[in-house]
Amino acid sequence: MEGGPPPFPGEGGPPPFPWGEAMALGFGRLRLSSHAFWRLTPRELAAALRAFAGPARAPLDRTGLGALMARFPD
């Protein structure tokens, strides 16, 4: 049925935003005040996260997995 309410998390909709992790990064690692944290846009928060985690990498494809399994057969 189109036009109905959005699905709940776990029912085909997008996963919920990881607020706990976002606040841990903002308050713990970045030492932001509450005021500064809640004024960040999601894009700004993502940019701050990249400073600690580095750029996002593409997921491992089948060829890469095969090479990894050949290198580490255990």
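The values are calculated or read from the model by the stated rules, or taken from the named source; none is laboratory data. Every value quoted in this text rests on a predicted model; they were computed, and no experiment measured them. Just the protein is used for accessible areas: all its heavy atoms, side chains included, with ligands, DNA and RNA removed. Shrake-Rupley method; radii C 1.70, N 1.55, O 1.52, S 1.80 Å.
Report which label in (1) 3, 19, 30, 27, 15, 6, 1, 0; (2) 3, 12, 15, 13, 11, 13, 14, 11, 6, 3, 0; (3) 3, 14, 17, 15, 13, 13, 10, 7, 5, 2, 0 holds the value of P(r) over Cα pairs in 5 Å bins from 0, in percent derived from the coordinates of this structure. Working out P(r) over Cα pairs in 5 Å bins from 0, in percent from the coordinates points to (2). A 1.4 Å probe run over the protein chains yields, for the chain, 91 Å² of accessible area per residue, whole-number rounding. Surface composition of the chain: carbon plus sulfur atoms hold 62% of the accessible area, using a 1.4 angstrom probe and ignoring ligands, DNA and RNA. Computed per residue of the chain from DSSP H runs no shorter than four, each worth -39500 (n - 2.57), the mean residue ellipticity at 222 nm is -12000 deg cm²/dmol.
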